[in-house]
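The values are calculated or read from the model by the stated rules, or taken from the named source; none is laboratory data. Source: prediction; values computed, not measured. In this analysis, Cβ positions are derived from the backbone assuming ideal geometry, glycine residues included, and neighbour counts consider all displayed protein chains.
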Amino acid sequence: MKNLIKSTAALIATAGLLLISSTAIATDGEWPPKGDAAKGAKAWADNCGRCHNIRESKELRDDQWITTMFHMRVRAGLTGQDTRDILSFLQASNNTTSNFVRPTASKTTAAASSLSGEEVYTSTCIACHGGDGKGTVPGAPNLTDKSGRLSKSDDALLKSLTNGMQSPGSPMAMPAKGGNSALTQGDLKNVLEYMRTTF
Amino acid sequence: MRISRHLLPKTILSLALASTYPSLLFANNTNQEIEALWQTVEQLQQKIAEADEWKAPNTLIHLAGYADINYANVDTINGSESSFSTGTFAPIFHYQVMDRVMLGAELAFTLDENGATATEMEYFTIDYFMNDYATLAMGKFISPLGQFRQNIHPSWINKLPSAPQGFGHGGAAPIADIGVQVRGGFKIGSSINANYATYMGNGVAAEMDGNIVEEAHSPGFNADVDGGKNFGGRFGMYMIDSKLDLGLSWATGQAGEIDNSSGLQTGAKRDWDFIGTDFTWRLGGVDVRGEYVKQTYGARGVSAKADFDAVYIQVAYRFPSTKWEVVARTSTSNSPGITKDRVTAGVNYIFTSSVIAKLAYEGNDANTTDIKDDEDKILVQMAYGF
């Protein structure tokens with residue numbers, strides 16, 4: 001009886017403390033709150049390969065990724081912020097709006113860029129391609145290989161950067177704009193130039 | 001210069017036409033642009049309408065899980081025997097209410113040798129997301145002690161067709177428990193992700209052969225067989241830059257006794273303790289992981305203390321820019337008077353990140369009288385995670 005009382009009291013006290021410490025997460029508006037897709041790209045590359053092969057964004061729909069990421073939050077011990085960041089990255093990577101081509105695109109607005117190539121690389125590309133360009137995840141090409149990926153033409157590489165691509169034999173695809181849909185054509189040109197001069 | 005009365009209107013008309021001609025051309029181009037834009041807008045509207053269908057409501061229902069199909073060629077004392085078999089079909093159901101609550105349940109369907117279907121509830125929890133750093137889970141959960149059982153055992157994740165010695169059912173690594181669990185993660189600086197899981201549950205049982213603890217039993221008892229709650233957990237640190245994951249597990253409590261011949265609880269109980277440590281390290285295509293676990297069932301009267309421990313080390317290498325992977329693992333388990341060794345090596349073809357074909361050789365050696373413990377095998381498995 002004494003044991004029962006002690007166990008029950010401990011259970012109630014623990015649950016009470018935990019509930020008191022809980023904070024509101026859900027909002028009346030959109031849920032879950034948007035995360036940072038660029039940080040999510042890094043968190044995705046850092047965390048998801050700890051136990052299993054990294055799954056690419058197109059394997060699931062945006063709504064399926066929500067539940068999947070909350071499941072993984074519990075399984076992998078992710079913080080809520082990492083969960084939202086990775087979710088935003090995966091959902092942004094599923095974005096197919098780059099398939100639409102503006103009929104008479106204004107070159108000045110399409111090419112506008114506020115980021116340097118290095119800024120784009122270190123915020124979006126580095127998660128998978130690494131600081132040395134040799135790749136940190138399976139399937140990421142070695143950008144320092146002189147006869148490798150960067151030996152292609154600017155036009156071909158910009159097309160791949162814009163629309164995403166999957167290398168033959170690679171288990172995972174690079175999402176459109178590296179999963180960062182906010183990047184402009186100018187940003188992509190800058191980062192391509194940065195990669196050519198750096199690696 | 002004099003312009004005649006007849007010529008003046010013609011001149012004005014000609015000048016007007018001449019001045020408007022470029023405008024007409026421009027208008028024609030603009031109309032084409034507008035038409036093209038409208039076509040784009042209509043495409044976008046169609047896409048948005050389709051996307052809206054999947055826009056998240058306040059509740060989400062999701063089905064995940066895994067399954068595997070197997071072939072085994074076993075080297076027995078009577079020669080080689082081979083069989084096809086279905087492994088486990090394990091659907092996982094998720095019901096989520098916003099970012100507050102999620103119900104998760106995994107069922108495992110298997111066939112026995114006679115074709116009869118068995119069903120087990122692997123886990124069933126209601127998870128309450130308290131804040132960014134803690135989730136309260138209630139129900140039946142996979143044991144948070146160690147790494148293999150809670151994260152690696154699904155066939156699409158496990159890089160080999162079988163489990164290491166001591167990490168399957170009845171082994172040194174606890175399988176499941178029923179109770180409450182708090183788990184989550186937090187940052188230590190910018191380069192370390194810490195994760196933790198603490199729990200309190202009904203606990204484990206000692207399967208007794210007379211006065212000898214024959215087997216560690218932790219299926220997740222739906223009643224407390226010893227009357228005292230077990231508690232413990234795991235703390236892990238993931239060093240992001242070096243891709244090194246380290247974990248420590250600890251638990252304590254009591255274990256009820258179950259008679260192995262009748263399957264009934266005897267009412268006796270003894271102390272129970274658990275310690276474990278695990279690691280994962282990745283570098284490029286190399287993935288190294290290992291784990292050590294130990295359960296201790298304390299002495300009771302004339303019945304001696306019993307230790308169950310197991311250890312494995314696994315190395316995998318994924319060939320760059322290919323779908324091929326090679327894996328090797330060595331594992332050993334010890335229980336009172338029994339030592340079992342297993343060496344497994346294989347090659348995997350990764351169709352997609354979650355569809356994997358495995359071919360492996362498994363060598364077994366044990367100091368038991370059961371010849372099955374020494375049988376070597378060639379294993380083929382098709383694993384599918386969904």
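A few points about this structure:
- For beta carbons closer than 7 Å, sequence separation of 6+ or different chains, a first residue in the stretch A:183-198 that is more than 11 Å from A:Y121 (Cα to Cα) and free of Cβ contacts under 8 Å to residues at least 12 places away in the same chain and a second that is aliphatic (A, V, I, L, M) and surrounded by 22 or more Cβ atoms within 10 Å (Cβ to Cβ), there are no qualifying pairs.
- Reported count of residues in the stretch B:244-275, each being under 22 Å from A:N47 (Cβ atoms) and not polar (S, T, N, Q), is 5.
- Flag for A:K152 being over 19 Å from the mean Cα position of the chain (by Cα), farther than 14 Å from A:D187 by Cα and not hydroxyl-bearing (S, T, Y): yes
- Filter result for B:T20 (at pLDDT below 75, surrounded by 10 or more Cβ atoms within 10 Å (Cβ to Cβ) and more than 30 Å from A:F70 (Cβ to Cβ)): yes
- B:I378 of a type in the set (A, V, I, L, M), buried (at least 16 other Cβ atoms within 10 Å of the Cβ) and either within 14 Å of chain A (Cβ to nearest Cβ) or under 21 Å from the mean Cα position of the chain (by Cα) (or both): no
- B:Y196 satisfies every condition listed in (1) within 14 Å of chain A (Cβ to nearest Cβ); (2) farther than 26 Å from B:R289 by Cα; (3) of a type outside the set (A, V, I, L, M); (4) surrounded by fewer than 23 Cβ atoms within 10 Å (Cβ to Cβ) except (2).
- Complete set of residues in the stretch B:114-130 that are within 14 Å of another protein chain (Cβ to nearest Cβ) and under 23 Å from B:A67 (Cβ atoms): B:E122, B:Y123, B:F124, B:T125
- In the stretch A:59-85, the residue that is farthest from the other protein chains (Cβ to nearest Cβ) out of those that are over 23 Å from B:F235 (Cβ atoms) and of a type in the set (S, T, Y) is A:T68.
Conditions (1) out of contact with any helix residue (DSSP H, G or I) (no Cβ under 7 Å at 6 or more places or on another chain); (2) not polar (S, T, N, Q), marked per residue:
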site: B:F167; (1), (2): no, yes
site: B:G184; (1), (2): yes, yes
site: B:S191; (1), (2): yes, no
site: B:G201; (1), (2): yes, yes
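- Residues of the stretch B:101-113 that are surrounded by fewer than 18 Cβ atoms within 10 Å (Cβ to Cβ) and within 14 Å of another protein chain (Cβ to nearest Cβ): B:V101, B:L103, B:A105.
- Number of the exception - B:A216 against (1) surrounded by 15 or more Cβ atoms within 10 Å (Cβ to Cβ); (2) more than 23 Å from B:G247 (Cβ to Cβ); (3) more than 9 Å from chain A (Cβ to nearest Cβ): (2)
- The condition (being part of a loop (DSSP other than H, G, I, E, B), touching a strand residue (DSSP E or B) at 6+ places or on another chain (Cβ under 6 Å) and in contact (Cβ under 8 Å) with a residue 24 or more places away in the chain) is satisfied by just one residue among B:K159, B:K140: B:K159.
- Looking only at the stretch B:63-95, and only at residues there that are at pLDDT below 95 and touching a helix residue (DSSP H, G or I) at 6+ places or on another chain (Cβ under 8 Å), the one that is nearest to B:Y361 (Cα to Cα): B:T76
- B:T339, sole failed condition from (1) loosely packed, with under 15 Cβ neighbours inside 10 Å; (2) touching a residue at least 60 places away in the same chain (Cβ under 8 Å): (2)
- Members of the stretch A:150-182 that are free of Cβ contacts under 8 Å to residues at least 40 places away in the same chain and assigned to a helix (DSSP H, G or I): A:S151, A:D154, A:D155, A:A156, A:L157, A:L158, A:K159, A:S160, A:L161
- Contacts under 7 angstrom Cβ, first residue in the stretch B:226-240 being within 9 Å of another protein chain (Cβ to nearest Cβ) and at pLDDT below 95, partner surrounded by fewer than 22 Cβ atoms within 10 Å (Cβ to Cβ) and not in a strand (DSSP E or B), 6 or more apart: B:G227/A:N3; B:G228/A:N3; B:K229/A:S7; B:I240/A:D46; B:I240/B:S191
- Whichever residue in the stretch B:264-289 is among the small types (G, A, S) and within 14 Å of another protein chain (Cβ to nearest Cβ) and, among such residues, is nearest to B:G166 (Cα to Cα): B:G285
- Residue ID - surrounded by the most Cβ atoms within 10 Å (Cβ to Cβ), chosen from residues in the stretch B:159-192 that are among the small types (G, A, S) and more than 29 Å from A:D82 (Cβ to Cβ): B:G166
- Residues of the stretch A:134-148 that are hydrophobic (A, V, I, L, M, F, W, C) and modelled with pLDDT of 85 or more: A:L143 alone.
- If you filter the stretch B:56-95 down to residues that are more than 14 Å from every other protein chain (Cβ to nearest Cβ), over 27 Å from B:V355 (Cβ atoms) and free of Cβ contacts under 8 Å to residues at least 24 places away in the same chain, you find that the one that is nearest to the chain's Cα centre (by Cα) is B:E81.
- The stretch B:157-171: number of residues that are farther than 22 Å from B:T125 by Cα and either at pLDDT 95 or above or facing chain A (nearest Cβ under 9 Å) (or both): 10
- Scanning the stretch A:25-39 for residues that are crowded, with 20+ Cβ neighbours inside 10 Å and either modelled with pLDDT of 90 or more or over 10 Å from A:L87 (Cα atoms) (or both) turns up A:P32, A:G35, A:A38.
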